[in-house]
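Heads up: the structure comes next, in structure tokens.
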Amino acid sequence: MMPIPSLSRRNFIALAAAAAGSSLIPNAAAAPMQDPVVDAIEKNGKAVPHETVPWKVRPFPLKQVRLGDGPCKVAMEADRRYLLSLPPDRLLHTFRINAGLPTSAQPLGGWEAPDCELRGHYAGGHYLSAAALMYASTGDEDLKKNADVVVAELARCQDALKGGYLSAFPIEFFDRLRNRERVWAPFYTIHKIMAGNLDMYVYCGNQQALDTAEKMAGWVAGYTGPLSYDHMQRILGTEFGGMGEVLCNLYAVTGKKHYLEIAKRFDKQVFLDPLAEHRDELKGLHVNTHIPQVIAAARYYELTGDRRHRDISEYFWEEVVSERSYCTGGTSNHESWNTDPGKLSTELSTDTTECCCAYNMMKLTRHLFGWSPDAHLMDYYERTLFNHRLGTINPEDGTMMYYLPLASGYWKTFGKPYDALWCCTGTGSEEYGKLADTIYFHDDDSLYVNLFIDSSLDWPEKGLTVKQGTRFPQEQGTTITIAAKNPTPLRINLRVPYWVEGGKVKINGSELPAFASPSSYLTLNRVWKNGDKIELSLPMGLHIDSMPDNENVQAVMYGPLVLAAQFDAVSKEMTYGDYEPKAGDQYKVPNIVADASNPTGWVEPDAKQSLLFHAVGQSQPMNLVPLNQVIHDRYAVYWNVNKRA
Ligand SMILES: [Zn+2]
């Protein structure tokens, strides 16, 4: 066994996995938000797309959508303050050490500590992606300035290291990888740094960042080129995450075809082949580093038209969402899929649903939606956004969660600001910088309103501004107001979610005689004039989400929201620092008695306060609130229910 440089818990798991004969080292993943709409910025300002299969419907560039007040903006602002608190010199410290350049900054801790094998993943990777996205979402020039400094200094480190290599750890890690000696995840980390630089080019126009990413790709080509196919496949046993995706994206922005060929070297055959044949062989796999491989497949399909890669993506998505996801939209337990499909009731622990997995599944969802704008894709997106992404960032300080525990009686834990910097800190930093990226999609003649989030959309090509005013989910619906320079024909497609109980729509105060079924889009096709107003009413109700393999293990939902019973607050010491709460420290949660004919009857809404509920007829009084509102308290999501005939 190789000596390990730091005995973090993560290294320990890696060691245990190696000892168990698995080449998978549990870990993290993520990547930039690469949208076809922005992926081809040419020097003369003219975009030249390289997609063979362009998205049928596309998001708007982030800078055209602005969040209004509400839970998403609160999360975004917490993230922005956190990103602004990170000084470039601290981020650059280990890169400078590795490049032999002087540095006297205080080292970061956690996964960025100078002896952590993953160092650089956040400081030179996620940080740049997050700053780029946040700049696109807010126009924050101070943050962009900091990120530009990091880009420039990383380029200096790359020059000093020679050959295009850029990392905060020595190049010898890649010898260990080649020799199949134990090493954490060098390509995983390289992916983050390439993606971060590429995002700084795409969203902030930083040309130097693109040069850095291309030089890194040149180094990757040089490393992988001499390896035989079989040797490379063995190397892919060490988690590498989104390498294929960032190389595809590099082709998309440059049009240089050889990046696609390098991307193909990261196709892991034993993972992709069963998916192409629609076989679920996901049991035993590390979740967070495999979802990005499917995002790479999705991107490869878009760029080449290779239908097999679309099949892989669609089958994988359906399988994970329908067979391997909890009521929150999250997936994974102890970072892996441990069971056959549909077996989840025994998979409740302190280590369920790693946050990175939610981030990556949402990202994959956008690709599928771009190909075929089906409402059920956005139903899933909303479920995951409102139950797993909101509520896993601490609004007070922007710290983030790792696992979202779904075993009942535990609490949420958050990483310390400068001594965690986990994979999930990285994907979270990106996530909350791009919360506006999916609210609206469009094609030439249509607007899709996918999510009910207070926001405004600027659509200069149409001479339109669309304002969505809502306090959703406090408010059960939304109001859309059009500002139009001229009367404009447009199909406005409003998502009618799966959970709606009834519903109606009014245009300028008049109710339309028709509505749409749940999980579909309601299309309003007309010539829109300045000041036109759409009022969409979406009544929520209580409903049950049972485990696929045990209908007596249930969660309660209200509209899109997973409800959690709220128990005692935990101490600050219990809140900060660890990946998960201590398994032995579990509050005993009562079993529930419910009528078989009225399974939500034991939950009653508060007479006065919205989104507050009370348990009735149970062994103890309990209050239930949306899981995303629980930050410091013990909670319970899943219940063992005894049915009364
Ligand atoms: Zn993670």
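The values are calculated or read from the model by the stated rules, or taken from the named source; none is laboratory data. Just so it is clear, the model here is predicted, and its values are computed rather than measured. Neighbour counts are summed over all protein chains in view; Cβ atoms, including those assigned to glycine, are modelled from backbone coordinates with ideal geometry. The area values use the complete protein model at the heavy-atom level, side chains included, leaving out ligands, DNA and RNA. Shrake-Rupley method; radii C 1.70, N 1.55, O 1.52, S 1.80 Å.
List of remarks:
- Residue match in segment 228-240 (condition: modelled with pLDDT under 95 and part of a helix (DSSP H, G or I)): no
- Among residues of segment 338-364 that are open to solvent by 10 Å² or more (accessible area, probe 1.4 Å), those with a Cβ under 6 angstrom from a residue that is at pLDDT 95 or above and of a type in the set (S, T, N, Q), sequence gap 6+ or separate chain, pair up as Ser345/Asn550; Glu347/Asn333; Ser349/Asn333.
- Residue within segment 196-216 that is without any contact (Cβ under 8 Å) to a residue 24 or more places away in the chain, open to solvent by 20 Å² or more (accessible area, probe 1.4 Å), charged (D, E, K, R) and assigned to a helix (DSSP H, G or I) present: no
- Within segment 558-574, being of a type in the set (Gly, Ala, Ser) and surrounded by 21 or more Cβ atoms within 10 Å (Cβ to Cβ) holds for Gly559, Ala564, Ala565.
- Among residues of segment 584-606 that are basic (Lys, Arg), those with a Cβ under 8 angstrom from a residue that is surrounded by 13 or more Cβ atoms within 10 Å (Cβ to Cβ) and at pLDDT 95 or above, sequence gap 6+ or separate chain, pair up as Lys588/Gly409.
- Any hit, segment 420-430, residues being at pLDDT 95 or above, more than 16 Å from the ligand (Cβ to nearest atom) and open to solvent by less than 20 Å² (accessible area, probe 1.4 Å): no
- In summary, Ala375 fulfils each of the numbered conditions (1) of a type in the set (A, V, I, L, M); (2) under 24 Å from Thr523 (Cα atoms); (3) within 16 Å of the ligand (Cβ to nearest atom) with the single exception of condition (3).
- Some residue of segment 263-279 being under 21 Å from Asn333 (Cβ atoms), within 16 Å of the ligand (Cβ to nearest atom) and in contact (Cβ under 8 Å) with a residue 24 or more places away in the chain: no
- Restricting segment 407-419 to residues that are within 19 Å of Phe567 (Cα to Cα) and either free of Cβ contacts under 8 Å to residues at least 12 places away in the same chain or more than 16 Å from the ligand (Cβ to nearest atom) (or both), the residue that is surrounded by the most Cβ atoms within 10 Å (Cβ to Cβ): Tyr410
- Options Gly601, Gly541, Gly577; residue that is surrounded by 13 or more Cβ atoms within 10 Å (Cβ to Cβ), within 24 Å of Gln620 (Cβ to Cβ) and in contact with an Asp or Glu (Cβ under 9 Å, 6 or more places away or on another chain): Gly601
- Exclusive hit being of a type outside the set (Val, Ile, Thr) and over 24 Å from the mean Cα position of the chain (by Cα), set Glu573, Glu580: Glu573
- Taking segment 105-163 as the range and being of a type in the set (Gly, Ala, Ser), within 21 Å of Pro417 (Cα to Cα) and crowded, with 23+ Cβ neighbours inside 10 Å as the test, the residues that pass are Gly120, Ala123, Gly124, Gly125, Ser129, Ala130, Ala131, Ala132, Ala147.
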